[in-house]
1. Can you tell me which residue is nearest to Glu302 (Cα to Cα) among those in the stretch 201-232 that are hydroxyl-bearing (Ser, Thr, Tyr) and touching a helix residue (DSSP H, G or I) at 6+ places or on another chain (Cβ under 6 Å)?
2. Suppose the filter is among the charged types (D, E, K, R), modelled with pLDDT of 90 or more and over 19 Å from Tyr200 (Cα atoms); does Asp86 pass it?
3. Identify all residues within the stretch 139-162 that are without any contact (Cβ under 8 Å) to a residue 24 or more places away in the chain and within 22 Å of Asp118 (Cα to Cα); write none if there are none.
4. When you check Ser326 against the structure, is it assigned by TED's automatic domain parsing to the domain that holds Lys262, at positive phi and outside any helix (DSSP H, G or I), yes or no?
5. For the stretch 198-213, name all the residues that are surrounded by fewer than 24 Cβ atoms within 10 Å (Cβ to Cβ) and either in a loop (DSSP other than H, G, I, E, B) or among the aromatic types (Phe, Trp, Tyr) (or both).
6. Going by what's in this entry, would Ser161 be described as within 29 Å of Gly312 (Cβ to Cβ), among the hydroxyl-bearing types (Ser, Thr, Tyr), crowded, with 21+ Cβ neighbours inside 10 Å and not assigned by TED's automatic domain parsing to the domain that holds Gly306?
7. So how many residues does the stretch 245-294 have that are under 20 Å from Asp327 (Cα atoms) and outside any helix (DSSP H, G or I)?
8. Could you please find all residues in the stretch 163-180 being under 21 Å from Asp118 (Cβ atoms) and not in a strand (DSSP E or B)?
Amino acid sequence: MAPKTATKMQKVKAGLEEKSAASRSSQPAEESHYPGKWFALCVFFAGLSSLYYWYTSYQASASLSYVPSESGTSNVGEPPVFKVVDIPGKGKGILAERDIKQGELVLKEKPLFVVPRDITSSPAALIYNKLQLMTAEQRRAYLDLSYVNFSEDLDPVKNPSEVALAIFQTNAVSAGENVGIFPRMARLNHGCSSAFNVVYNWRHYEQQLVVHALKDIKKGEELLTTYTDTKRPKAERRTFLASRYGFQCTCYVCSLPPQLSKASDSRLSEISKLYGEFASWSAQKIDGNEAIEMIRKIWNIEDQEGYLSERGSLAADAVWIAAAHSDSERVREWGLLAMRWFSNEIGADTPQVKDMERYVSRPETHKAWGTRSRLDVGAPGRSR
């Protein structure tokens, strides 16, 4: 997203630095012009950014011990994986510094700070007071982030704490039970459906966010994540992104010619419909074979669309169904598939992969084992 003009941002930063120096130790920030419901709305949208990651519902704690870099490397001594650059029409963005393999770790980042999802105090004051705990360099990293939807009634130069809140509302993402700011991850721009090529996940046991490559990425290619659930038509996606983040999406999928765009919309809508129908297995409205068939249909349509995200969770759902119906062979087959895709999206060293390894070895250890009538369910279909 394009940042504000340099001159105005410099004045805003100077104003915040001046207020910091004058009141760091004791004086509270001025009361927010935003009622508490606006902060709750910000938290809600931050949660939307990772709604399909069921494994991120854990407690986070604040960390102010690092200064973000404009380049990224997976391991000490390795060449940078990416670099942050200016991208016309987007502001800052991230480009691959070398070829990146599918499933490769791209970034690990601790939060600059986190806040609870529910607060009772002024949100602007809360964010402002968080800034007082930072070093000057950390504050600069925060203030360098872009923001949108700033109230037209307020002068950003005269209301720097409101600017700090706007930055938070624009850039915050889910961090377990909290919401956090990750300055390097925040440089990732958005892509829809098959356009995004990296995904992020909060690891509660490491208290940091990790980013993995969802597909192979060539040197010089932009790294894109997704800001929302993009399994919906282009018009709906664009409306949401424009209202929430202030930009018109021009990613590869949103730029398709009309006929191809219509076909993509149809596939994405069908995927969402099938997810809804598949969920009825929990209420025993469909049997295990019907549920597995829906999973296979989802998988096949996603292959056609080029949509590769959420496949670890989808295969894990199939494992659950197979276990519930005491089908050990299918538990193993779907479990191996879940291991592969969880490794791509969240890393091979995660509890989800370890769980699947256990189910592949001993299907009867799954907690759903035998909770439904005995049934031989379907195997994984052909996949990418």
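The values are calculated or read from the model by the stated rules, or taken from the named source; none is laboratory data. Predicted model only: the values in this text are computed from it and were never measured. All Cβ positions, even for glycine, are placed from backbone atoms using ideal geometry, and neighbour counts span all protein chains on display.
1. Thr230
2. It is true that Asp86 is among the charged types (D, E, K, R), modelled with pLDDT of 90 or more and over 19 Å from Tyr200 (Cα atoms).
3. Selection gives Phe150 alone.
4. yes
5. His204, Tyr205, Glu206, Gln207
6. Against the criterion (within 29 Å of Gly312 (Cβ to Cβ), among the hydroxyl-bearing types (Ser, Thr, Tyr), crowded, with 21+ Cβ neighbours inside 10 Å and not assigned by TED's automatic domain parsing to the domain that holds Gly306), Ser161 does not qualify.
7. Qualifying residue count for the region: 4.
8. The answer is Ala164, Leu165, Ala166, Ile167, Phe168, Gln169, Thr170, Asn171, Ala172, Gly176, Glu177.
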